[in-house]
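Right, one structure below, let's go through it.
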Amino acid sequence: MLLSLVVHTYSLRYWFPAAVMLGTAPVYLLSWGLWRMLATALPSRAYHRLDDRLYCVYQSMVLFFFENYTGVEIVIYGDIPKNKENVVYLSNHQCTVDWIIADMLAIRQAALGHVRYVLKDGLKWLPLYGWYFSQHGGVYVKRSAKFDVKAMKKKLLTQTESGAQMYLVIFPEGTRYNPELQSVVTDSQAFASREGLAVLKHTLTPRMKASHVAIEAMKDHLHAVYDVTVAYEGTLDARGQRQPAPSMPEFLCKECPRVHIHFERLDIKEIPLEPLFFRRWLHERFEIKDRLLTGFYESKDMGERSRFPGEGQSSSLSIMKTLPSLLILGGLTAPLLLTESGRKLYVRTWIYGTLLGWLWVNLSP
């Protein structure tokens, strides 16, 4: 019985925050929908401003759980600009928590509401979220020959021309690096060899299409590219072998003590736009990431605490930046769940919002 209690208590460390984050989604979407209707008579710039503010409220609540609740230590190498900028954020990709890392950096720059994602096409089927990410400026893309360059350019240009501020998150590897999926790693390395590119050990070979389209389409709107390398402490086993990065449930169960983030700002004028040169540039950036990650894991092998080269600064997030959002969304959700009519609206939002969202993202150009 004691063991069952321990297991139950452990699972609550994940289920409680997951229930809150998912449970407040209908209220958030209803609030956004009301604003969307009111904004039809306003300039698009006004709509985007409040949409970004609403998104900031929701994502701040998410960060309450992923930072304040878990107590994870965030160690940053490099200087994050104090002023907000229009940027493309390029990072290595290891797990679903990588999406939250982008939020962690954006909130430290007061740019959380401007975060938008380039997402793989299958994520558009997420209930409620799949549709809303598209409404907020996210771009769904397919791989290889099915990649629709014109559609992505049109979506990004529509956003920038309407005055939306851009913190566009892209993972050029296209899929997550998992050391346990050796076939994926081997295929990626074989592709690099065939193309005459350096073979990478701790990342997959980056694909250039989404990054190139984004930077080329928005070059007059962007200020910089943020080149970010992320490493999760505690992912080496006793033999010194790299293990998979933590999943969202594992992270929320406080299984990751520290996240190390190497940050480098690259002025947009430094980025070559000719496709051949851009491809080489992007691969060179991932060669740098690979060296950083190699150094991170080898420092642990030598008996030191895993770290990137250089001086890292521990960065804590004030609970006052996240707790108010939790209270606002929780306070709006509770009345719905406590009344019969509210519960009906809540359930219908989940059902009809999901179905209409699927219809929208699959039929809209």
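Toward the positive end of the charge dipole of the chain, with +1 on the Cβ of Lys and Arg and -1 on the Cβ of Asp and Glu, the farthest Cα among 312, 97, 39 is that of 39. Beta bridges from DSSP with both residues in region 13-363: antiparallel share about 40 percent, rounded to the nearest 5. Ranking 30, 18, 200 by how far each Cα lies toward the positive end of the dipole of the chain (charges on Cβ) leaves 30 at the top. Stokes-Einstein diffusion for region 29-135 at 25 °C, viscosity 0.890 mPa s, with a Kirkwood radius from C-alpha pairs, works out to 158 µm²/s. Can you classify region 285-353 as rounded, prolate or oblate using the Cα gyration tensor, where a ≥ b ≥ c are the square roots of its eigenvalues, rounded means a/c under 1.5, and otherwise it's prolate if a/b beats b/c and oblate if not? The shape class here is prolate. Among the listed options (i) 61, 59, 39; (ii) 73, 53, 49; (iii) 64, 59, 43, the one matching Cα extents along the principal axes in Å as calculated from these coordinates is (i). Net charge of the neighbourhood of residue 354, taken over other residues with C-beta under 13 Å away and scored Lys/Arg +1, Asp/Glu -1, is +2.
Computed about the Cα centre, the dipole magnitude for region 13-363 is approximately 980 debye when only Lys and Arg (+1) and Asp and Glu (-1) carry charge, each at its Cβ.
Where a number appears in this text, it was derived from the coordinates with a stated rule and is not lab data. Values in this document were obtained by computation on a predicted structure and should not be read as measured data. Methodologically, a virtual Cβ is constructed for each residue, glycine included, from the backbone with ideal geometry; neighbour enumeration extends over all protein chains shown.
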